[in-house]
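Right, one structure below, let's go through it.
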Amino acid sequence: MIIKTRLAPSPTWFVHIGSLRLALYDYLFAKKNNWIYALRVEDTDQTRSVEWTYENMVKVFEEVGIIPNEWPSPYKDLGNWPYIQSERLPLYRPFIDKMIEEGNAYYCFCTSERLTELRAEQESLKLPTKYDWLCRDLPLEDAKKRIEDWEKYVVRLKVPKWEKISFNDLVRWRVEFSSSEVDDQVLLKSDWFPTYHWAVVIDDYLMKVTHAFRWVEWLSSMPKQILVAKFLKIELPEYAHLPLIVDINRKKLSKRSWDVAVEEYLKKWYLKEALLNFILFLGWNPKTTEEIFSLEEMVERFDIKDVHKSDAVFDIEKLNWMNGQYIIKTPIDELFAKLEKYLSTYEVDFYNNVFIKHNDEYNKRILTELKTRMKKFDEYIELTTFIYNDSKINTSLLLNEKMWITTLELAKTTLIIALDIINSQEEYNAENIKNMFIEKIKEAGLKNWQVLWPVRVALSWELFSPWAFELIGILWPEKSSERIQKIIDEIEKI
Ligand code: GLU
């Protein structure tokens with residue numbers, strides 16, 4: 001069988017984190033089955049559709065590398081359909097005519113004023129708000145005459161009175177509804193645009209979609225879609241209704257806050273691999289403790305049947321952790337290029353006044369040492385102040401009873417040992433330097449801490465920083481000896 005998944009976003013806002021999850025699952029499922037993943041834009045609600053969102057879709061999916069095989073021209077001329085619903089209007093009409101002729105849909109002439117009143121009345125009586133079937137049994141001939149007289153109409157689905165409607169969801173298994181709970185849904189609006197419930201069935205059918213994944217909120221629209229398909233004798237795709245995404249307080253992620261726009265995560269320069277890995281886990285897990293997956297591994301391991309029903313928790317700390325893992329894994333040149341791009345775009349002052357004042361080799365050394373501590377690029381400046389900023393000096397930090405450094409005199413002695421070692425080395429070799437330190441510390445009858453603590457303070461002038469050997473590596477060669485010398489001079493002045 002030819003497998004075809006589809007993403008069907010409505011173009012109303014930036015691409016939502018939840019849409020990226022759908023896109024990823026569509027992509028993985030299609031890739032695994034070696035077939036097609038299509039993107040169709042659902043803009044039947046013209047009042048809510050916004051033009052610029054198309055560009056955002058293209059940008060996001062291209063940037064994260066989840067590119068559909070078919071999606072709307074003019075952005076990519078792939079596939080052979082109009083992939084935007086408003087360009088597909090003539091395709092829907094014959095199906096609606098058939099439903100009307102066969103008595104499965106009907107013209108309704110109720111005005112919006114009447115419907116508003118009806119709704120208010122039902123609400124005041126605490127009844128479910130549904131259409132009251134006023135036009136349901138109008139003879140077709142009469143209805144056609146009214147249309148000839150230019151009366152405004154919509155077309156509604158004629159939902160059978162008592163019927164059990166059921167289907168098998170890929171995630172939720174057997175789901176059942178009773179037709180008595182289902183409203184006579186408007187299928188064709190008075191502006192001749194189809195409603196979502198109508199267009200989605202026709203489009204999935206015409207485009208030969210075999211698998212449709214969507215938010216669980218759409219589950220309640222299933223009976224309407226099942227009925228439409230049944231009346232038209234066409235097949236629906238298999239459905240998977242994915243779990244809600246909630247925040248750590250278990251509240252549904254708000255629809256239009258920045259927290260849910262993929263754009264925001266791209267801007268913050270999260271690595272796309274980390275973002276996708278994080279998104280993968282919003283509803284799926286491998287049933288092992290493994291957490292880091294490449295895209296290829298995702299394709300291999302992902303199965304829509306393993307998606308769980310319970311809410312998926314969006315925990316930003318987890319994303320940050322994953323991003324940190326990917327930062328560690330990224331080859332240094334690639335990471336450096338990304339960092340440069342980030343700084344030159346978002347931290348222009350720092351980039352121009354600090355970063356590029358040092359050569360690439362030095363900056364790369366800093367990044368190499370710090371990448372194990374950096375979860376996101378926006379932490380770089382804070383993590384490196386002690387490296388780029390030479391101005392501070394604080395001898396009092398040298399004294400540390402726990403490290404048995406009780407006098408500045410002792411600190412000075414140990415700093416001189418360190419300075420001699422650094423100055424005696426032609427080249428930086430982490431192993432050699434470490435061995436030299438161990439040897440000289442022993443010779444002087446000191447404890448490791450008594451030397452390494454003052455060295456760390458002298459090199460960082462901070463209470464918390466990387467360890468002494470890492471710092472020597474970063475600041476090698478001039479800056480390490482310069483900083484140690486400076487603090488020795490300071491002690492001598494006291
Ligand atoms: N246009 C709907 C949305 O944006 C798609 C629902 C579906 O996939 O069937 O959520």
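The values are calculated or read from the model by the stated rules, or taken from the named source; none is laboratory data. Worth saying up front: this structure is predicted, and the values here are computed from it rather than measured. All Cβ positions, even for glycine, are placed from backbone atoms using ideal geometry, and neighbour counts span all protein chains on display.
So here's what we get for this one:
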quantity: Sole exception among (1) in contact with a Ser or Thr (Cβ under 9 Å, 6 or more places away or on another chain); (2) among the aromatic types (Phe, Trp, Tyr); (3) at pLDDT 90 or above for Trp35, by number; calculated: (3)
quantity: Selection from segment 247-292 of residues that are surrounded by 16 or more Cβ atoms within 10 Å (Cβ to Cβ), over 22 Å from Ser344 (Cα atoms) and among the β-branched types (Val, Ile, Thr); calculated: Val260, Ile279
quantity: Among (1) touching a strand residue (DSSP E or B) at 6+ places or on another chain (Cβ under 6 Å); (2) aliphatic (A, V, I, L, M); (3) within 14 Å of the ligand (Cβ to nearest atom), the one test that Val228 misses; calculated: (1)
quantity: Which listed residue, of Trp198, Trp192, is buried (at least 19 other Cβ atoms within 10 Å of the Cβ), in contact (Cβ under 8 Å) with a residue 40 or more places away in the chain and not acidic (Asp, Glu); calculated: Trp198
quantity: Breaking point among (1) within 30 Å of Tyr351 (Cβ to Cβ); (2) in contact (Cβ under 8 Å) with a residue 60 or more places away in the chain; (3) surrounded by 13 or more Cβ atoms within 10 Å (Cβ to Cβ), for Asp390; calculated: (3)
quantity: Residue under evaluation Leu236, criteria (1) within 12 Å of the ligand (Cβ to nearest atom); (2) part of a helix (DSSP H, G or I); (3) surrounded by fewer than 20 Cβ atoms within 10 Å (Cβ to Cβ), criterion not met; calculated: (2)
quantity: Some residue of segment 209-217 being assigned to a helix (DSSP H, G or I), within 30 Å of Tyr107 (Cα to Cα) and at pLDDT below 95; calculated: yes
quantity: Some residue of segment 239-254 being under 28 Å from Pro94 (Cβ atoms), within 13 Å of the ligand (Cβ to nearest atom) and not charged (D, E, K, R); calculated: yes
quantity: Where Ser73 falls short, out of the listed (1) closer than 20 Å to Tyr196 by Cβ; (2) modelled with pLDDT under 90; (3) surrounded by fewer than 18 Cβ atoms within 10 Å (Cβ to Cβ); calculated: (1)
quantity: When residues of segment 203-225 are limited to those that are within 12 Å of the ligand (Cβ to nearest atom) and of a type in the set (Val, Ile, Thr), the one farthest from Ser180 (Cα to Cα); calculated: Val209
quantity: Matching entry among Val186, Val159, Val171 (being modelled with pLDDT of 95 or more and either at positive phi or more than 38 Å from the chain's Cα centre (by Cα) (or both)); calculated: Val159
quantity: Any chance Trp269 is assigned to a loop (DSSP other than H, G, I, E, B), modelled with pLDDT under 95 and either within 18 Å of the chain's Cα centre (by Cα) or under 25 Å from Glu63 (Cβ atoms) (or both); calculated: yes
quantity: Selection count where residues are surrounded by 13 or more Cβ atoms within 10 Å (Cβ to Cβ) and in contact (Cβ under 8 Å) with a residue 24 or more places away in the chain, scope segment 304-315; calculated: 8
quantity: Residues located in segment 338-374, provided they are part of a loop (DSSP other than H, G, I, E, B) and among the basic types (Lys, Arg); calculated: Lys371, Arg373
quantity: Phe193 more than 23 Å from Ser10 (Cβ to Cβ) and touching a Ser or Thr at 6+ places or on another chain (Cβ under 8 Å); calculated: no
quantity: Segments classed as strands (runs of 3 or more DSSP E), wholly inside segment 1-112, with at least 2 members that are touching a residue at least 60 places away in the same chain (Cβ under 8 Å) and either away from the ligand (no atom under 14 Å from the Cβ) or touching a strand residue (DSSP E or B) at 6+ places or on another chain (Cβ under 8 Å) (or both); calculated: 4-7, 105-108
